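What follows is a single structure, written as structure tokens, with notes after it.
The values are calculated or read from the model by the stated rules, or taken from the named source; none is laboratory data. The structure displayed is predicted, hence computed values, not measured ones. Don't worry about glycine lacking a Cβ; one is built from the backbone with ideal geometry, like all the others, and counts go over all protein chains shown. Remember, those area values only see protein heavy atoms, side chains included, never the ligands or the DNA or RNA. Shrake-Rupley method; radii C 1.70, N 1.55, O 1.52, S 1.80 Å.
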Amino acid sequence: MDIAHGLRIGALGATVALLVSGCFGGRPAEGGAGGDGPIRVGVSLPLTGDFSEPGKGVQRGYEAWAKHVYENGGLLGRQVELIVLDDQSNADRVAADYEKLINSDGVDLVFGPFSTRLVIPAAQVARDYGFLFVEPAGAAREVFEQGFDNLFYAAPAIAQDHYDHLAEAITAMPEATRPKTAAYAAMDDPFAQGTANGLKEKLAAAGIRTVVDEVYPPNTTDFGSIAAKIADSRADVVVGGTQYQDAVNLIVALRQLNYQPKLAAFSTAPTNPEFPKAIGAQTEGILSPTGYTPEADYPSNKEFVDFYAREHGAAPTEDEANAWTTGQVVAAAVTAAGCADPSKECQRKMIDWLHANEVRTVVGPLRWDSAGRPQGAHLIQQYVGGEIRIVLPAEAKEAELVYPKPAW
Amino acid sequence: MSLVFQSLVLGVLMGGLYALLAAGLTLYFGVMRVVMIAHAAFLVLAAYLAWAFTVGTGLDPMLSLVVTVPLFFAVGVGVQRLLVARLRPATMTMMSVLLTFAVALAVEGALGLVFTGTHRRLPLSYAGARLELFGASVALVKLIAFGLAVVTLAGLHVLLKVTRFGQALRATMQHREAARLLGVDTDRVAGYGFGLGLATAAVGGTALALDATIYPSLHWAWIGPLMAIIVVGGLGSVGGAAIAALLLGVGQNLLQLPLGTTWAQTFFYAALFVTLILRPQGFFGGRLAQRF
Amino acid sequence: MTGLRVEGLTKSYGGVRAVDDATVTFQHGRINALIGPNGSGKTTFFNCVTGMVKPDAGTVTYHGRDITGRPAHKIAHAGIGRSFQLCRVFPRLTAVENLLAAVRPGSVLRALAPARRKSDVDRAMALLTRVGIEHLAEVEARDLSYGQQKLLELAGVLMAEPDTILLDEPAGGVNPALVERIGELVRSLNAEGRTFLIVEHNMDVVMSLSDHVVVFDRGRPIASGPPDAVRADPLVLAAYLGG
Amino acid sequence: MKAVGLVVLAAFLVAFPSLASDPFVLSVGVVIASYAVLATGWNFVGGFTGYISLGHAAYSGLGGYATGLLILRAGLNPWVALVVGALVVAVLAVPVGIAALRVRGASFVIVSIAVVLVLLLVFQSWGSVTGGSDGLRVPRPFDADVLRPEQHQRFFHLHAVLLGVMLLCWWVIDRSRFGMGLKAIREDEDKARSLGVPTVRYKLAAFVVSAFFTALGGGLYALWFGFLDPIFQFSILVGSNMVLMSLLGGVRSLFGPLVGAVVVGYATEFSKAQYGDTQLHLVAMGVLLAVVVLFLPDGIIPALRGLVARLRPGQASIREVTQEELVRR
């Protein structure tokens, strides 16, 4: 051991102290106490890594919303400034990001991140600092069982309720044509699994036998064996608690085994614009729940679709819509509370208002229970004639439910 | 019964691909005592190149092999010459793991930069096509992938057993010092061994791209099973790795029936631990593993 | 039953019998040499005796105790020390640390006691002095010359206090002056009662140093006896010249 | 002199929370302290024996889960749970160590990776106990009226204390007979065996101690962070970070992992703040690791020490030769 060794360590420590306290300071919390400066809104999103695809969709939605607010005179007469950080699809990072947004960047408001796996750690930080936390993507049941009173999910229904309309439609079918058996395959992810489990519970209660119930890890790429099990069971219904790539792989693997169910439903993937390209012509009859459709005639929706189409040259998808909805919900709370600053009083006012009131959004009117669960249900879409159309519930349908589905 | 048979067939088909990739890993280990963590990352890279090739030109992904195989061979020689050969022999095994791990991270990061994290899948007209085989339904793409693996493995076998270069390579794998005394330029042979190993990743990547979605972090899903295979097979034994790959592939697929996907994956690791407890040198391998 | 006895020792690698049913007796308290052409199994024989590899068959006894296939450190504790072909030291430890590594802690608690206990350091320094490199005590072994490393390795073996010492080519790759010095060391250590078993290619060293010579060919002893007798043995000549 | 340095370091650790400009900086401090704890824990096996484990996330993750589960399912006091959890992990490490250490180099690394992957599968699948992919919320060890910045401060000091204890243990082992035996194993395992070092027992002991401390680090982090998700706990990247930090600082130096953790932790935050949203951090980590392995295998501390020795006139020591030799290689 060198004699001067210890001293050098000490000096290093001191240097680091200076660097650390000096460099991450970021911008001071300007305009914090409700001044005339812009309202600063902080978000952390998975822009790189495993969740980056939907993360970018949410980012587009947030940015479109901010631009729209900007063009329409702002909030409370103040402009809105978005600060987006990349959490690299990592839970440790997402917490650090909100810590930074709230403390170093001095934001007035925060929006939620994407993916259930990231929502809980992020919501914890927001709650500890008393911030309102409206989030576009944490739909799994568990998110609402953590005792967060500051959390609101900005979509019509939690994951377990996504298939409610489909479950009703199936149980209402006449005995003769009603499916008898069902096969479930879900990704081991709280959201994806939640959707499949929700439907499974309801169908099982209605006497439709569960013949296959598979859960696969998120990194699964070979679906041959799962598909073989499902095909072997000859289930009438196949339900996929899927995200994106897994649904595509599973469908291809099922087709490779020439398995022809009467009804096939997959979450998330079929609403992705890439889906028909990946599956080809065999999408016909595939069902999917969605919290959003550009065709919906809610008052603000047309404005959103037009604005978004003008900006991006394409219709918004569910990710963008959920982000926009988050913006709408927070904006409603800000307007009602008459303030937008990080103080506990202001945030508390907004939280209390949202617990007691309904907000009209692009996905319809939303209201929440005390844990932040939205009280609606998802629409059910189906590929009909090569287009994805709403088939359930009856009052919103654009096309008739096709049953049994054509061969794929 | 038919389900079991179906799983058996699927297991064999998957085992073929595993065998091909494990052969590559075995080559690296044989010539340099290197556990090449980046093998799976290059596998994914090759899959991306096949995807980009098909999307860009509209031609069949198989044609991308014309480019990727020589390219990967050259990269393999480069990796050996420029990186691995610089390590001190005394710490070669440990440090090469870290070095190739670093390469894997860099490849994954680069893939993310260039292709983004979006999941990709080859648009193939014959993706859903299938053949009936003794009552089992076999996807055409899986059969093609298996065929690619078998042909490549056979080619590798011929190369190793028949050609002069193969003899030199095998001599180097068995005993580097002795090979050098016999006049083999072991440095050059080691470089070519690396090149060959990486070329198997090129073939494997194309085979993989036929029937799976690909994304930059996919390689993590491959590293574990491949590592288990080469230990069970006996480090440094090409034949042992191939047998282990087939057995473990079939075993995993059959176990999926009673256990489900997730627990079935643990089969690889269970086999790895059992091997190390009962027979650390591997079940089919030579004596190399005893010392490493 | 004193000393090292080896009976029917066999070890094969992938079908090749490196050591083939070898039965050897050594003269305890003397300097024994083991000679034979390259690849005749001498080093494998060493490795089997010292527990570095497990023999397939046969027994090794030491002072009447069966030590066949026991872990290497247990065999070291029994009193058998060894050096390696081409010399092996701990490169990034200093010379004195190279020796201290051979100290047996005794108990779990004492294992956590400082390694540089005065009595141990004194003993290490005495050994370094004996081999003549005490001035390099705090130099890392990798910075020593090859000859110095050879001396350091020998001192390290002595630190473990063996009464039988196996040396694998002690004169290999070193200059004549040093060969002479190592020879003197071996002789003086032998005079203090230590038994030696030496694998060596340098015939001059073997002939001048050893009391008893065993000749290996194809994994088994083909001749043994005093150096002069062995030198004249036609079998030995055939093995060396015809092999 | 050394004492002065240590006092300065200790004073800095005590004072850091009040120097930090806001709670975010404080939270970064906690994260870096946690890195330092984990890297130092890793170094009990990596630095002493030279066995490089890429899978130490297994023990930090197990430590986190053991702590959380003992609190939630067994109703233990959080601090008791932390220690008991780490002891449980240490016991679990024994069979793993026996399997992994029976074989040298390559197989050891493979096993270390396999352990992480298998634990990931188990903790994802065994949802009824571990919470599975929903994650596990670990309750706060402090009352609700302890606000978040105050928590950061307490956890920073807790990490500092743990780090201090670990460094003390490392120092004791480093100068002990046990440590000398371990270093002999690192330098040349066969040679060590032939000199009578009970290599298997020594390696296993170092491995278990390392797992114990790493588990304590993981448990402490879990108490602070409050949420465990298998995919983030049992991640090879977490383990490789420990390796990178230790190697960068210098595995043979007491403070090596600490220095490495500070450098890597600071660089991560800095580059994220500066360059933000790309996959470049993976490339950067890969390149940094490769550079360390190829050009700085002994780490920063020995390299700096060598540099200082060189620049100091009249100190034409033997170490210069070492440096030159290294360059020549």
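Out of A:283, A:293, A:271, which single residue is closer than 22 Å to residue A:392 by Cβ and open to solvent by 20 Å² or more (accessible area, probe 1.4 Å)?
Every option except A:271 fails the conditions.
In the range A:96-122, which residues are touching a strand residue (DSSP E or B) at 6+ places or on another chain (Cβ under 9 Å) and among the basic types (Lys, Arg)?
A:100
Can you confirm whether the range C:77-92 contains a residue that is among the basic types (Lys, Arg) and within 30 Å of residue C:207 (Cα to Cα)?
yes
Determine which single condition residue C:40 fails, assuming it passes every other condition in (1) in contact with a strand residue (DSSP E or B) (Cβ under 6 Å, 6 or more places away or on another chain); (2) within 14 Å of chain D (Cβ to nearest Cβ).
(2)
Return the residues of the range C:4-24 that are more than 14 Å from chain B (Cβ to nearest Cβ) and either open to solvent by 70 Å² or more (accessible area, probe 1.4 Å) or more than 15 Å from residue C:198 (Cα to Cα) (or both); say none if nothing qualifies.
Result: C:5, C:6, C:7, C:8, C:9, C:10, C:19, C:20, C:21, C:22, C:23.
Which number in (1) over 28 Å from the mean Cα position of the chain (by Cα); (2) within 13 Å of chain B (Cβ to nearest Cβ); (3) crowded, with 20+ Cβ neighbours inside 10 Å marks the one condition that residue A:243 misses?
(1)
Of all residues in the range D:146-169, which are over 20 Å from residue D:71 (Cα atoms) and open to solvent by 40 Å² or more (accessible area, probe 1.4 Å)?
D:147, D:149, D:150, D:153, D:157, D:161, D:165, D:168, D:169
Could you say which residue among B:236, B:249 is touching a helix residue (DSSP H, G or I) at 6+ places or on another chain (Cβ under 8 Å), part of a helix (DSSP H, G or I) and of a type outside the set (A, V, I, L, M, F, W, C)? Show your work before the answer.
Details: B:236 fails: part of a helix (DSSP H, G or I).
Result of the check over B:236, B:249: B:249.
Here are some conditions: (1) at the interface with chain D (Cβ under 8 Å from one of its Cβ atoms); (2) within 15 Å of the chain's Cα centre (by Cα). Residue C:92 meets all but one. Which one does it not meet?
Failing condition for residue C:92: (2).
Among the residues that make up the range B:190-206, is at least one of them at pLDDT below 90, more than 19 Å from residue B:149 (Cβ to Cβ) and open to solvent by 10 Å² or more (accessible area, probe 1.4 Å)?
No, there is no match, as no residue in the range B:190-206 is at pLDDT below 90, more than 19 Å from residue B:149 (Cβ to Cβ) and open to solvent by 10 Å² or more (accessible area, probe 1.4 Å).
So is residue B:2 within 14 Å of chain A (Cβ to nearest Cβ) and not β-branched (Val, Ile, Thr) or not?
Answer is yes for this residue.
Out of the residues in the range A:128-141 that are in contact with a Gly (Cβ under 9 Å, 6 or more places away or on another chain) and of a type outside the set (A, V, I, L, M, F, W, C), state the one that is most open to solvent (accessible area, probe 1.4 Å).
A:141
Pairs only if they're at least six apart or on different chains, beta carbon under 7 angstrom, first in the range A:91-108 and without any contact (Cβ under 8 Å) to a residue 40 or more places away in the chain and of a type in the set (S, T, N, Q), second open to solvent by 10 Å² or more (accessible area, probe 1.4 Å) and in a helix (DSSP H, G or I); list them, first residue then second.
Listed pairs, sorted by first residue: A:103/D:23.
Specify the residue that is nearest to residue C:191 (Cα to Cα); the eligible residues are those in the range C:211-242 that are among the hydrophobic types (A, V, I, L, M, F, W, C) and in a strand (DSSP E or B).
Across the range C:211-242, the extreme among qualifying residues is C:213.
Please work out which one of (1) in contact with a strand residue (DSSP E or B) (Cβ under 9 Å, 6 or more places away or on another chain); (2) aliphatic (A, V, I, L, M); (3) more than 9 Å from every other protein chain (Cβ to nearest Cβ); (4) within 30 Å of residue C:71 (Cα to Cα) is the condition residue D:195 fails and give its number.
(3)
With the requirement that a residue be out of contact with any strand residue (DSSP E or B) (no Cβ under 6 Å at 6 or more places or on another chain) and farther than 12 Å from residue A:155 by Cβ, what does the range A:321-330 give you?
A:327
Looking at this structure, is residue A:259 part of a loop (DSSP other than H, G, I, E, B) and either at negative phi or without any contact (Cβ under 8 Å) to a residue 40 or more places away in the chain (or both)? Before the answer, list the steps.
Values: part of a loop (DSSP other than H, G, I, E, B): yes; either at negative phi or without any contact (Cβ under 8 Å) to a residue 40 or more places away in the chain (or both): yes.
Judged against the criteria, residue A:259 is a match.
Take the conditions more than 22 Å from the chain's Cα centre (by Cα), open to solvent by 40 Å² or more (accessible area, probe 1.4 Å) and within 14 Å of chain C (Cβ to nearest Cβ) and apply them to residue D:200. Does it pass?
It is true that residue D:200 is more than 22 Å from the chain's Cα centre (by Cα), open to solvent by 40 Å² or more (accessible area, probe 1.4 Å) and within 14 Å of chain C (Cβ to nearest Cβ).
Evaluate the range A:379-394: report whether one residue or more is under 27 Å from residue A:102 (Cβ atoms) and open to solvent by 50 Å² or more (accessible area, probe 1.4 Å).
No, every residue in the range A:379-394 fails to be under 27 Å from residue A:102 (Cβ atoms) and open to solvent by 50 Å² or more (accessible area, probe 1.4 Å).
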